[in-house]
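Peer 1: Please read through the structure below; I'll follow up with questions.
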Amino acid sequence: MPDGVPHRKRDKLGAVKSSVMLLDSAGIWFRSYYALPESLTAPDGTPVNAVRGFCDMLAKLLTERTPGRIVACLDNDWRPDFRVRALPSYKAHRVAEPAPETGTTADGTAGTDASEEAVPDTLEPQVPVILDLLAALGIDTAEAEGHEADDVIATLVAREDTDPIEVITGDRDLFQLVRESPTTCRVVYIGGGLAKAQDYGPVELAARYELPTENAGRAYAEMAMLRGDPSDGLPGVAGIGEKTAAKLITRFGSLTELRAAVDAGDQGLTKRNREKLSEAADYLDAAPTVVNTVSEAPVTHSLPSDALPRGTSPSSAGLATAVDLDRVRGLQQEWGLGSTVDRLLDALRG
């Protein structure tokens with residue numbers, strides 16, 4: 001792009017519009033944890049690899065993509081009960097072993113209300129450090145009771161009618177949010193790391209998966225329901241892979257129309273596919289509740305504004321007044337974050 005900022009919308013006067021950046025926070029710190037060695041430690045020997053990786057990625061995002069607003073979105077419930085009720089296998093393989101006295105039912109099986117995600121022992125204590133840093137830096141966080149970060153992001157996307165949106169995630173489930181109006185929403189997929197980030201809008205998503213450009217996000221979600229996703233415990237429809245799923249959604253327009261064609265014995269479907277789809281009827285009844293994000297979640301914010309805390313306040317060494325520099329420096333020293341925090345502060349200074 002001529003302005004050097006990829007996919008940034010301009011207003012009627014030709015000025016580059018500032019974007020809203022929505023972070024899939026847990027996905028970023030999980031990836032940071034596995035990408036960097038545990039030999040990165042605080043003065044007391046506590047690993048801080050996830051903290052360092054998270055902060056370094058955030059600094060690069062702020063420097064390279066220059067958002068005007070930012071929200072770090074959090075999981076209030078990583079495995080919401082409404083999704084588990086619809087499909088008990090949802091993320092079941094990620095549930096931590098319950099303690100003997102808690103989290104079990106009378107027959108000894110894990111209760112859904114008490115399920116906790118299996119998080120590496122050396123990652124769990126790093127999460128509060130990341131949240132403390134975000135608070136000290138004046139960066140807004142958001143969550144919604146009983147919902148995942150995906151639902152928080154979807155709700156914020158649905159509410160936004162002013163600025164273009166960039167969703168930073170390593171989760172393809174959020175591809176369903178791409179759109180062109182009322183403001184653009186693009187998904188920056190970082191599953192392979194930030195250096196190999198892939199930037200998706202409706203056109204790119206449609207081209208990548210051979211889906212229709214119109215309603216590409218919805219088409220992707222419905223294709224994913226048919227294909228399944230072992231990482232989330234979604235079995236999909238047996239015998240229907242990604243390419244066949246994309247062709248079926250493209251041909252029939254939606255999962256609803258595809259299922260109607262199955263019920264009607266549509267001869268445009270092979271006998272094998274009709275049988276496979278019929279056999280998966282119960283799963284397909286449940287899949288939309290599990291796969292589709294919630295766009296009206298009860299989102300709460302940690303701060304009154306999601307404006308990025310940039311600015312020129314002499315009392316904060318060139319930082320916006322929202323930044324508690326003393327607290328940031330204290331955390332930097334306590335956890336031995338050195339140049340990692342310096343880079344993040346430089347990114348905020350702009």
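Every number here is computed from the coordinates shown, using simple stated rules; none is lab data. Note that the coordinates shown come from a computational prediction; the quantities given were computed from them, not determined experimentally. FYI the Cβ positions are ideal-geometry reconstructions off the backbone, even for glycines, and counts take in every protein chain you see.
Peer 1: Treating the Cα atoms of the chain as identical point scatterers in vacuum, please give the log10 of the normalised Debye intensity I(q)/I(0) at q = 0.08, 0.10, 0.11 Å⁻¹, two decimals.
Peer 2: The computed values of log10 I(q)/I(0) come out as -0.44, -0.68, -0.81.
Peer 1: With angles folded into 0 to 90 degrees, how steeply does helix 126-136 sit against the dominant principal axis of the chain? Use alpha carbons for both and round to 10.
Peer 2: 60 degrees
Peer 1: Filter the cross-link list Lys60/Lys91; Lys243/Lys276; Lys60/Lys247; Lys196/Lys247 down to pairs whose alpha-carbon distance in this structure exceeds 26 Å.
Peer 2: Where the Cα-Cα span goes over 26 Å, the pairs concerned are Lys60/Lys91; Lys60/Lys247; Lys196/Lys247.
Peer 1: To the nearest 20 debye, what charge dipole does the stretch 178-227 have about its Cα centre, counting +1 at the Cβ of each Lys and Arg and -1 at the Cβ of each Asp and Glu?
Peer 2: Using Cβ point charges on Lys, Arg, Asp and Glu, the stretch 178-227 gives about 160 debye.
Peer 1: Further question: Express as a percent, rounded to the nearest 5, the fraction of DSSP beta bridges in the chain (both residues included) that run antiparallel.
Peer 2: Given both bridge residues lie in the chain, the antiparallel proportion sits at roughly 45 percent.
Peer 1: Where the only charges are on Cβ atoms (+1 Lys, Arg; -1 Asp, Glu), what is the dipole of the chain about its Cα centre, to the nearest 20 debye?
Peer 2: Computed about the Cα centre, the dipole is about 1560 debye.
Peer 1: List the GluC sites (Glu not before Pro) within the stretch 132-187 that DSSP assigns to loop and that have no more than 12 neighbouring Cβ atoms inside 10 Å.
Peer 2: Answer by residue number: Glu145.
Peer 1: To continue, here is another question. Nearest 10 degrees, 0 to 90: what angle lies between the long axis of helix 25-35 and the longest principal axis of the chain (Cα atoms)?
Peer 2: It works out to around 80 degrees.
Peer 1: If you stretched the chain out fully between Ala96 and Thr122, how much longer would it get, using 0.36 nm times the residue separation minus the C-alpha to C-alpha distance?
Peer 2: 7.9 nm
Peer 1: Let me ask something else about it. Residue-wise, which Karplus ³J(HN,Hα) couplings in Hz belong to the stretch 330-339, taking 6.51 cos²θ - 1.76 cosθ + 1.60, θ = phi - 60°, and x for glycine or proline?
Peer 2: Rounded to whole hertz, the list is x, 5, 4, 6, 4, 9, x, 8, x, 5.
Peer 1: Among the GluC sites (Glu not before Pro) in the stretch 181-234, which ones are in a DSSP loop with at most 12 other Cβ atoms within 10 Å of the Cβ? Mind listing them?
Peer 2: When the GluC sites (Glu not before Pro) of the stretch 181-234 are filtered for loop state and at most 12 Cβ neighbours within 10 Å, Glu214 remain.
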